[in-house]
Amino acid sequence: MEFEYSTKTKMYMEQVQEFMTKHVYPSEPVFEQQLAAQPTRFQVPPIMEELKARARERGLWNLFLPESEYGAGLTNMEYAPLCEIMGRSPIAPEAFNCSAPDTGNMEVLVRYGTPEQKKQWLEPLLAGTIRSAFAMTEPKVASSDATNIEASIVRDGDAYVINGHKWWTSGIGDPRCKILVFMGKTDPKNPDKYKQQSMILVPREAPGVKVVRLLTVFGYDHAPHGHGEVVFENVRVPASNMLLGEGRGFEIAQGRLGPGRIHHCMRQIGVAERALELMCKRAQARVAFGKRLAENDVTLERIAQSRIEIDQARLLVLHAAYMMDTAGNKTAKQAIAEIKVAVPTMTLRVVERAMQLHGGGGVSQAFPLASMWAASRTLRFADGPDEVHRRQIGRLELRKWM
């Protein structure tokens with residue numbers, strides 16, 4: 001494993017960092033102001049489309065797609081530091097067209113979509129003119145094991161009829177959301193529980209798709225993105241909307257979630273770095289009991305420990321990226337599971353230390369730390385909870401000694 005970033009990566013890092021400094025960070029308060037000024041929070045602030053246009057003009061667009069003619073031709077290792085930089089701002093990933101769940105849905109279409117599906121849905125997603133959602137998790141079952149999913153996809157002539165109750169359908173609140181990747185069962189009696197599920201494309205405006213409510217995350221609505229509870233009642237879509245074929249849903253899910261998990265962790269390194277930066281600035285500027293916070297040993301210890309933990313986590317993420325690039329996503333599953341547990345937990349510790357240093361302001365809207373904490377804590381559930389990943393890691397480790 002090479003620790004030196006490639007020349008191409010360094011070039012992109014410099015360009016992405018410059019774009020962040022010049023355009024993204026100054027746009028964060030503008031984004032919030034424009035969001036608050038609209039009749040509903042679930043409308044897109046104009047500043048976002050301006051950022052996207054600028055990023056696309058500079059060629060800082062769709063950087064996330066490895067082994068694909070659609071992206072920038074970067075490996076996971078090469079993309080990792082760029083994704084980390086983007087992770088420093090909640091609005092940056094979308095500005096570069098590198099935000100979830102669109103990245104995962106685009107990868108699904110790139111890998112498994114038909115030419116017609118790519119033409120209709122992948123191309124506008126790559127262009128950033130529409131957005132998408134991923135409908136897998138269900139409120140009535142433990143969806144961390146996809147074999148538990150109860151939603152049904154039933155063939156009826158030249159169409160499929162879909163029924164199900166989903167939640168945490170991220171992206172459904174966005175008015176630009178036009179397509180959902182839906183997971184359900186086409187063959188619930190198949191003795192092979194991993195061949196019961198399928199994935200199918202469901203247009204957002206299809207009759208029978210009903211958003212029951214948009215869920216909050218520790219009180220945050222994540223507008224205009226949103227996380228929806230959605231009911232699908234006798235939704236009919238063309239049979240040609242099936243992805244890859246009946247019974248291939250679990251296979252698609254495994255192919256989608258690996259890259260999604262590592263992207264989350266890459267961004268989390270950026271979140272932790274920004275929290276540490278805020279901690280250091282606060283420590284040097286804030287005076288309490290007659291001296292700067294930076295003069296207290298406990299502050300130095302917290303800063304030092306945060307630096308150690310961030311650097312450890314980054315190396316773990318780069319190792320997972322290296323494994324994905326060299327051995328494939330299936331072989332890298334243990335490395336991916338390890339970072340999915342380790343990185344959000346590390347970020348939470350760093351953000352907590354930064355919040356403590358900011359006092360009461362740290363839990364308010366005066367600083368971004370509270371929202372950082374809420375998003376990071378949520379990632380201990382998203383794409384599988386810690387317990388599931390720990391179980392997988394433990395079982396894989398035991399196999400080595402059987």
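Read the figures in this text as sums done on the coordinates, not as results from a lab. Because the structure is a prediction, the values reported are computed rather than measured. In this analysis, Cβ positions are derived from the backbone assuming ideal geometry, glycine residues included, and neighbour counts consider all displayed protein chains.
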Taking the DSSP beta bridges in the chain as the whole, what percent of them are antiparallel, to the nearest 5?
-> 85
The stretch 145-151 - phi-based ³J(HN,Hα) in whole Hz, Karplus 6.51/-1.76/1.60, Gly and Pro as x = 10, 4, 5, 7, 4, 10, 4
Rounded, prolate or oblate: which one fits the stretch 7-113, using the alpha carbon gyration tensor with axes a ≥ b ≥ c (rounded when a/c is under 1.5, else prolate when a/b beats b/c, else oblate)?
-> oblate
Eligible lysines near LYS281 by straight Cα distance, threshold 24 Å, same-chain separation 8 or greater = LYS22, LYS291
Quick one: if you stick a label point 7 Å off each Cα along the C-beta vector at HIS319 and TYR220, how many nm between them?
-> 2.9
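Please label the shape of the stretch 131-243 as rounded, prolate or oblate, based on the square roots a ≥ b ≥ c of the eigenvalues of the alpha-carbon gyration tensor (a/c under 1.5 means rounded; beyond that, a/b larger than b/c means prolate, else oblate).
The shape class here is oblate.
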Modelled FRET efficiency - R0 45 Å, ILE308 with ALA142, Cβ distances, 0.05 increments = 0.80
List, in order, the whole-Hz ³J(HN,Hα) value for each residue of the stretch 130-143 obtained from phi through the Karplus relation with A = 6.51, B = -1.76, C = 1.60 and θ = phi - 60°; use x for Gly and Pro.
-> 10, 10, 9, 9, 10, 10, 10, 5, 10, x, 9, 9, 7, 6
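Could you sort 266-278, 356-368 so that the peptide with the highest average Cβ count within 10 Å comes first and the rest follow in order?
266-278, 356-368
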3J(HN,Hα) from dihedral phi, the stretch 209-224, Karplus parametrisation 6.51/-1.76/1.60, rounded to Hz, x for glycine, proline | 8, 10, 7, 6, 6, 9, 8, 9, 10, 6, x, 8, 8, 6, 5, x
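Highest mean first, how do 20-32, 123-135 rank when packing is the count of other Cβ atoms within 10 Å averaged over residues?
The most tightly packed comes first, giving 123-135, 20-32.
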Cα-based reach from LYS330 at 17 Å (exclusive), listing lysines while leaving out same-chain residues under 8 positions away = LYS340, LYS400
Non-local amide H neighbours of TRP167 (under 5 Å, H modeled in plane, Pro and chain starts lacking H): which ones?
-> THR137, GLU138, VAL230
Enumerate the amide H contacts of ILE172 below 5 Å, restricted to partners 5 or more residues apart or on another chain; note that Pro and chain-start residues carry no placed amide H.
-> GLY228
Check TYR160: other-chain or 5+ apart residues with amide H under 5 Å from its amide H, H built from backbone geometry?
-> VAL237, ALA239
Nearest-0.05 FRET efficiency for GLU69 and GLU295 at R0 = 35 Å, using Cβ-Cβ distance, is 0.05
In which sequence would LEU180, LEU316 go, from the one with the fewest C-beta neighbours within 10 Å to the one with the most?
-> LEU316, LEU180
Show me 33-43, 190-200, 160-170 ranked by packing, highest mean number of other Cβ atoms within 10 Å first.
-> 160-170, 190-200, 33-43
Rounded if a/c is under 1.5, else prolate if a/b is larger than b/c, else oblate: which is the stretch 116-161, with a ≥ b ≥ c the root eigenvalues of its Cα gyration tensor?
-> oblate
Each label point is 7 Å from the Cα along the Cα-to-Cβ direction; what then is the distance between the points at THR331 and GLU277, in nm?
-> 3.6
Excluding THR75 itself, what net charge comes from residues whose Cβ is under 13 Å from its Cβ, given Lys and Arg +1 and Asp and Glu -1?
-> -3
Which whole-angstrom value gives the distance between the alpha carbon centres of the stretch 292-364 and the stretch 381-397?
-> 18
Cα convex hull of the chain: mean projected area in nm², to one decimal?
-> 21.3
